[in-house]
Amino acid sequence: MATEKVKKPANPRASFIHKTLITVFLALLIDILAFTIILPLYPRILAHYEKVDGADEASLYYQIRTIVQRFRESLGIEGTRLDIVLFGGALGSMFSFLQFVSSPAIGRLSDKYGRRTILLISMVGNALSMLLWIFSKSFTTFVLSRIVGGLTEGNVQMSIAMISDVTTTETRSRGLALVGIAFSLGFTVGPPLGAYFTSYHLHDAFPSLSWLPINEYSSPALFAFILILIETAYLFIALPETLNFKSSPLGQTAPPPATPTGLPKSANSQPPQKTASLTLLSTIHFLFLFVFSGMEFTLTFLTHDRFSFSHAQQGRLLGLMGILSALVQGGYVRRYAHKYVPERDIVAQGIAAASAGLAVVGWGDKTVRSLYLAAAFLAFTSGTVVTSLTALASGVGKAEEEKGGVGKGEVGEEKDQGHVLGKFRSAGQLGRCLGPIFACSAYWVLGGETAYRAGAGALMVLAVLVVLVVPKGAKKVPVVSAKKSA
């Protein structure tokens, strides 16, 4: 499904694009597998460190837990049953905050030194993060692993930038859908793998390693580390550089665009309307992920609290969501986005679906069947919103150039593509940073039902706003055959 639309290359330009898309997709899939292994393990990882560090007043875990308990007591909430929810939300928020900080810098560096170079450097950071997780016998080391991972994770951002480098306005949503499909497949396989590897303890399998600072969750960490090593080697061997592709002899299919006066267009020019459009899309990105990622983060805690799901059951739920999301990406977004359905409408549909899913949890009966129905709605959201918003963000400025009679504007926007997408992704990561902590607090203080009802209402309002404030966009226009290969 992921590569069904990638046609057999007919010329050097098409061959380069084909190789880039395939390499980016496969590497990102491996990356998401490694990233998602930890997702269903959070509640029990925290329970593990409660046993290990909970009684040590000097430990980081004890200090953070004390802050959590004082906050809970200040609100007049008794009992410690939900402490783990807010604790987990804080960890999720920390990782995304670090991405919020680093994304613009990663984007700017990739514009200067190349996508491939910066991606390979970020992979070294990812490997170090996983290595620290393997040896995280203490909670402090585990947190350090998340800090390193948050600051250096650049695969998703660079994948989006590289796909944008080699695609046109008309083919961008189809290309970026590969990112969504990689996410979906990764979420399908990664969490079950994480749950599976928790049944193997390195201490039991290799008693001679007992002197190392490993723990009962080092097995899934080791597997994630191996995946990162495989991904890094594959990228080093197979990934071409895409920066300046469209302005290179291989990538150009028409003379460089010029202004109406005939003067060359500055590659670094950024029309005022481009900034405004990016600000609008970034704001929507932030608001959506603030609500959606926050409520999504509480889902594993909801299943743990309401249904007492095991590792395997958590993995099956997330796996089903991944399968459905991949089907949406491959069967709907890649086939219909931009060509038949404007990206704006797909964004609105996805946000409305999320509202429906949260409403099922908030107002529906407390059965596993209702939970899976809600998961289906959320899977549709995962397969549509971020991909379509990213396609819109990667193309801002293109419409302004076309209105000015400049032509397609492919070369003009290429020089700052990484920076633009870095700023856009940074806004989303800020939403992911604040969302989990606020959602977990609402889940904790208000209760699961009220929190999910509030999230459903907020997302429905946002869906309406998207329709009202985001331009619908022009219909697909004919392009010369040479560009169709992109």
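Taking a point 7 Å from the Cα of ILE230 along the Cα-to-Cβ direction, none of the residues of the stretch 112-135 has its backbone N closer than 14 Å to it.
Residue pairs exceeding 23 angstrom between C-alpha atoms, taken from LYS339/LYS472; LYS51/LYS366; LYS112/LYS246: LYS51/LYS366. Assuming a ≥ b ≥ c are the square roots of the Cα gyration tensor eigenvalues, decide whether the stretch 422-469 counts as rounded (a/c under 1.5), prolate (otherwise, with a/b larger than b/c) or oblate. It comes out oblate by the Cα gyration axes. Rounded to the nearest whole angstrom, the semi-axes of the ellipsoid equivalent to the stretch 297-341, taken from the Cα gyration tensor as √(5λ), stand at 32, 10, 5, largest first. Semi-axes of the equivalent ellipsoid for the stretch 328-370, computed as √(5λ) from the eigenvalues of its C-alpha gyration tensor and ordered from largest down, come to 28, 12, 5 Å. Remark: spin-label model distance VAL461-PHE71 equals 2.3 nm, labels positioned 7 Å along the Cα→Cβ axis. Close amide H partners of LEU250, meaning residues 5 or more places away or on another chain with modelled amide H under 5 Å apart, do not exist here. At a probe radius of 1.4 angstrom, the accessible area of the stretch 113-256 per residue rounds to 37 square angstrom.
When MET130, MET123, MET460 are compared by accessible surface with a 1.4 Å probe, the order from highest to lowest is MET460, MET130, MET123. The listed residues ASP111, ASP165, once ranked by accessible area (1.4 Å probe) with the largest placed first, stand as ASP111, ASP165.
The length gained on full extension between LEU120 and GLU241, counted as 0.36 nm times the residue separation minus their Cα-Cα distance, comes to 42.4 nm.
The values are calculated or read from the model by the stated rules, or taken from the named source; none is laboratory data. Only a predicted model underlies this, so the values are computations on that prediction, with no experimental measurement involved. Ideal geometry is used to build each Cβ from the backbone, glycine not excepted, and the neighbour counts take in all protein chains shown. When the accessible area is computed, the model is the full protein with side chains, heavy atoms only, and any ligands, DNA or RNA have been set aside. Shrake-Rupley method; radii C 1.70, N 1.55, O 1.52, S 1.80 Å.
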